[in-house]
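Input: a single structure, listed below in structure tokens.
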Amino acid sequence: MADMVVVRKEGLYCVPGNFYIDPWRPVDRAVITHAHGDHARMGHGHYLSAASGVGILKSRLGQDIHIDGLEYGARIEHNGVTISLHPAGHVLGSAQVRMEHKGEVWVASGDYKVEPDRTCVPFEPVKCDTFITESTFGLPIYRWDPEQSIFDDINAWWRKNAAEGRCSVVFAYSFGKAQRILSGLDPSIGPIVCHGAAEPLNRVYREGGVALPPTVMVTDVEKAALKSAIVIAPPSAAGSPWMKRFGDYSDAFASGWMQLRGARRRRGVDRGFVLSDHADWPGLMTAIRATEAPRVIVTHGSIPVMVRWLRQVGLDASGFDTEYGDDEAEEKAPAEAANA
């Protein structure tokens, strides 16, 4: 039987369904796993996403995009392919794409993690014949501590800085990571300031029913109060004129890459918090096993290592070359938010 999903110059293509999954070039019909920029791009004729992701996609791509939202688990048929979306546990509205055609089932994971967090629906294993998996942290060295212990560390660091009269600044991706950090902060310590790149997304999360503590823009805070504040800002804000208003501050970076000493040193920050919205190595293995898929196709990340490992454990493994990037890498803040 021919492959149901192949790689074309536009992106991952479902052959019998005649639609694309997270295409990187403009197409007529795109099924979007989540709204990070490397998976959700402008210019497609029609978008389909999880219903809980529609608000985020409109916020990032424009209110006038042609988009339909599908509830998790609901099924639609397109050109003989039954499509359903299932929670990926990555960010608000993230989904795995299940495709069934003539009794064969393929699942494209998008980005995912298996550890639950408070800002999105937990990952749901989906049984299939072929599983297309990401591999951002697909090396055995990547193993995450429990989320709550990271939040406890961040709050303890913030509390110590506030007691010493210094502002605390955490650099983190403004969509997903920022809201996840917010969900674990203790607002009794001081004001929580968000950069203008993150605040509109906080609003969409709250509208989607996610509980986040109160946040303010920096212009809403008295200068003296900033000494006890924590600031959530995108990595691109580091070293910018926007930072000068915080005076003497301690800074940190939140990412899975902070597990590497070299990555912490290159960032040049006071602290590195190892927190990722992607599965670590045990999480990837757990998710792959749970699908019971005899065939696995690995995309963006550590493709050769994962393919070799999966073959050693008896699976039919191979890789897809894609143009998906790294949402935990440097982020460019929207220009209009640079001075917010």
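Side notes on the structure shown:
- Among Ser135, Gly190, Ile65 the positive-end extreme of the charge dipole of the chain (Cβ point charges): Gly190
- Above-threshold pairs, the threshold being 23 Å between Cα atoms, out of Lys9/Lys127; Lys113/Lys177; Lys58/Lys177: Lys9/Lys127
- Per residue, the solvent-accessible area of the chain (1.4 Å probe, heavy atoms of protein chains only, all protein chains present) comes to 41 Å².
- Of all accessible heavy-atom area on the stretch 27-154, the percent that carbon and sulfur account for (1.4 Å): 49
- When the alpha carbon coordinates of the stretch 19-103 are projected onto the principal axes, the ranges are 36, 26, 19 Å, largest first.
- Residues whose placed amide H lies under 5 Å from that of Gly208, excluding near-sequence neighbours: none
- Taking every DSSP bridge with both residues inside the stretch 149-295, close to 0 percent are antiparallel.
- Averaging 1/r over each pair of different alpha-carbon atoms in the stretch 142-241 and inverting the result gives 13.9 Å, the Kirkwood hydrodynamic radius.
The values are calculated or read from the model by the stated rules, or taken from the named source; none is laboratory data. All of these numbers come straight from a predicted model, not from anything done at the bench. All Cβ positions, glycine included, derive from the backbone under ideal geometry; neighbour counts span all protein chains shown. The protein model used for the area step is the full one, side chains on, heavy atoms only, and it has no ligands, DNA or RNA in it. Shrake-Rupley method; radii C 1.70, N 1.55, O 1.52, S 1.80 Å.
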